[in-house]
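The values are calculated or read from the model by the stated rules, or taken from the named source; none is laboratory data. This is a predicted model, so every value here is computed, not measured. Here the Cβ positions follow ideal geometry from the backbone for every residue, glycine too, while neighbour counts run over all protein chains shown. Areas reflect the complete protein model, heavy atoms only, side chains present, ligands, DNA and RNA absent. Shrake-Rupley method; radii C 1.70, N 1.55, O 1.52, S 1.80 Å.
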Amino acid sequence: METTIFSTPARIGIPYSTRVNSSWPKRSRLTVVYVLTPSTSTNHLKTESTTTGTTKIIYKDNWFDHVAINYLSKAVQDTVGMRNEESGYESLVVAAGAVFRGFDPIQQRKLVVKALQNAIKTVMPPSKFSREYFAAFTTLFFPWLVGPCEVRESEFEGNKERNVVHVKKCRFLESTNCAGMCTNLCKIPSQEFVKDSFGVPFTMVPNFDDMSCEMIFGQEPPALKDDPLFTLASLINLKKYMLDQPF
């Protein structure tokens, strides 16, 4: 099996003004076969204290991390026709912030799904192997996006499977410090993308108290109206995370 990454710019049929850059050079299609080069490990991390007394993780991205971050950032920018002058993870945060400010929640989710669909495609029938495969793949190749993570075991239809990814402290949530961006630009579109593109039900359960997250492959996410994250009590409690951002 292979994962195919498309380097052509993304397009989506949501109206936007003169922000679209139509002068794109033609690019060839790139095929990337899995190279087992682990991404950011805890050896590349250090922490520093902030003025509020909390601890912030400082990342030292390697070459793989930089390539992946820049690729995803460009995919998001291509999708919405925006550009920013930042580099590295900050470029991704600024791009996400522009989407969050410029579009309503439904459009935000559609744009992120479209960006992901144009960035990566793969096919694998749902099974124990596929659920555990995607969990292991996430811990190997996506710490650059979400931070240090590990595979954990859960019970699936009466059997034990290693189909859960535990993110210790989400890099995206820590960088944006915004519950709205977490839910509309990560949780909801990722759940939709994994299910529709890979055929595997997928649920993300962020914890806004410690910024951790559980990614559960094989579990159908609840409807938005039934998701505990969107209850009135949760929304009131999360207001302190909806901070003004210098995007």
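Tabulated data
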item: Candidates per GluC sites (Glu not before Pro) in the range 103-165, loop by DSSP, up to 12 other Cβ within 10 Å; result: E157
item: In sequence order, calculated HN-Hα J values of the range 203-208 (Karplus, 6.51, -1.76, 1.60; Hz; x Gly/Pro); result: 10, 10, 10, x, 10, 7
item: Probe 1.4 Å, protein heavy atoms only - accessible area per residue of the range 63-244 in square angstrom; result: 45 Å²
item: Amide proton proximity set for F156, modelled H, under 5 Å, gap of 5+; result: E161
item: Contour minus Cα-Cα distance for N177 and R83 (0.36 nm per residue); result: 31.7 nm
item: Derived scalar couplings ³J(HN,Hα) [the range 169-182; Karplus, 6.51 cos²θ - 1.76 cosθ + 1.60; whole Hz; x for Gly, Pro]; result: 8, 5, 5, 5, 5, 5, 6, 8, 6, 9, 5, x, 5, 4
item: Backbone HN-Hα couplings from phi across the range 68-79 [Karplus 6.51/-1.76/1.60, Hz, Gly and Pro as x]; result: 5, 4, 5, 5, 5, 4, 5, 4, 5, 5, 4, 4
item: Point-charge dipole on Cβ atoms (K/R +1, D/E -1) for the range 63-244, about Cα centre, debye to 20; result: 260 debye
item: Dimensions in Å of the range 63-244 - Rg and Dmax from alpha carbons; result: 15.8, 50
